[in-house]
Structures are given as structure tokens and as C-alpha cells.
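A quick write-up on the structure given underneath.
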Amino acid sequence: MTDRALEFLRERAQKSRDAAGAQLARSRSEEKKVSDQIAVLTEYRATYRRRMQQAMLEGTTLQSVRDYQAFLASLDRAIDSARSSREQQREELARTTSLMQQQQRELCSFDAVVTRRQNRRAAEDARLVMKESDALATRIHTRRLSHPDHF
């Protein structure tokens, strides 16, 4: 594989990893948003239930109690819906986490290939320099042997 092709594949893997990271961040944000919504709805339901109980202690009409109950039931439905949405968000979060990890492994694989290639080239360059140095030393030594009075 040419260096250019390898670099192209590495850049593509990096872009895929970055896109997966962005999707993971969005999934985390959505999951947090839904969890916060559940907390608000649950607190609101508890507050409203306390109000209904207080109204009943103070004496209220049957219609008022029914209105409280209907509103509490609608809050329960909203909480159930939000919990279902949160479960879907958690599944999406697990999927995007897995995708991010996969993309990161792929990028690391390309980085490892690039590093191995660079190390191999550095070793080849070092061998070439050593070979040239050895050849130069041999020539100098041969000259000294053939012309001892010049040195």
C-alpha cells in the first residue's frame, strides 16, 4: 500500500471516529435532557400530590378531587413516556459508544501501521548510513595500506 493510500485511509478513519464522537456527545446530551425532564416531572407530580392531599384535608369538592386525579394521571403518562424515551436514548448511547470504540480501534490500527512504516524506514536509513560509513572506512583503510607514506 502506498503512503498516500495509507494516509487517505487513516484520514478517513479519523473523520469517521470524529463523527462517531460527535454522535456520542449528542446521545449523551439527549439522555441527560430526558433524565432531567423525568426528574422535573416526578418532582412536579410529588408537589401536585401534596397539594391534592392538603386540599382533601381542608375539604374540597368531589369534582376538584377528580380534577387532581386526572392531572396526576396525565403526569404519570408523561413520566412513563419520558422513561420510555430515556430507555431508547440509553440504547442509542450504548450503540454510539460501541461505534466510537470501533472507530477508535480502526484509527489506532492505521496509526500503528504508519508508525511501523516510519520505524522501518528509520532502520533502513540507519543501515544505509552505517553501510556508507563502513564503505568509507574501508576505502580509507585500503588507501592507507596502499600508500603508507601519505598518511
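Conditions tested, residue by residue: (1) in contact with a His (Cβ under 8 Å, 6 or more places away or on another chain); (2) of a type outside the set (Lys, Arg); (3) loosely packed, with under 11 Cβ neighbours inside 10 Å; (4) within 30 Å of residue 10 (Cα to Cα).
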{"site": "24", "(1), (2), (3), (4)": "no, yes, no, yes"}
{"site": "34", "(1), (2), (3), (4)": "no, yes, no, no"}
{"site": "45", "(1), (2), (3), (4)": "no, no, no, no"}
{"site": "66", "(1), (2), (3), (4)": "no, no, yes, no"}
{"site": "117", "(1), (2), (3), (4)": "no, no, no, yes"}
{"site": "120", "(1), (2), (3), (4)": "no, no, yes, yes"}
{"site": "126", "(1), (2), (3), (4)": "no, yes, yes, yes"}
{"site": "130", "(1), (2), (3), (4)": "no, yes, yes, no"}
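Taken over the stretch 105-151, residues that are touching a residue at least 40 places away in the same chain (Cβ under 8 Å) and of a type in the set (Lys, Arg) amount to 1. Of the numbered criteria (1) surrounded by 12 or more Cβ atoms within 10 Å (Cβ to Cβ); (2) modelled with pLDDT under 90, the one residue 146 fails is (1).
Of all positions in the stretch 32-49, none carries a residue that is over 30 Å from residue 90 (Cα atoms), part of a helix (DSSP H, G or I) and either of a type outside the set (Gly, Ala, Ser) or free of Cβ contacts under 8 Å to residues at least 12 places away in the same chain (or both). Being surrounded by fewer than 14 Cβ atoms within 10 Å (Cβ to Cβ) and under 18 Å from residue 78 (Cβ atoms) is the filter here, so list the residues in the stretch 51-61 that pass it. Answer for the stretch 51-61, where residues must be surrounded by fewer than 14 Cβ atoms within 10 Å (Cβ to Cβ) and under 18 Å from residue 78 (Cβ atoms): just 51.
Is the stretch 77-85 home to any residue that is surrounded by 13 or more Cβ atoms within 10 Å (Cβ to Cβ) and in contact (Cβ under 8 Å) with a residue 60 or more places away in the chain?
Within the stretch 77-85, not a single residue is surrounded by 13 or more Cβ atoms within 10 Å (Cβ to Cβ) and in contact (Cβ under 8 Å) with a residue 60 or more places away in the chain.
The values are calculated or read from the model by the stated rules, or taken from the named source; none is laboratory data. None of the values given here were measured: they were computed from a predicted structure. FYI the Cβ positions are ideal-geometry reconstructions off the backbone, even for glycines, and counts take in every protein chain you see.
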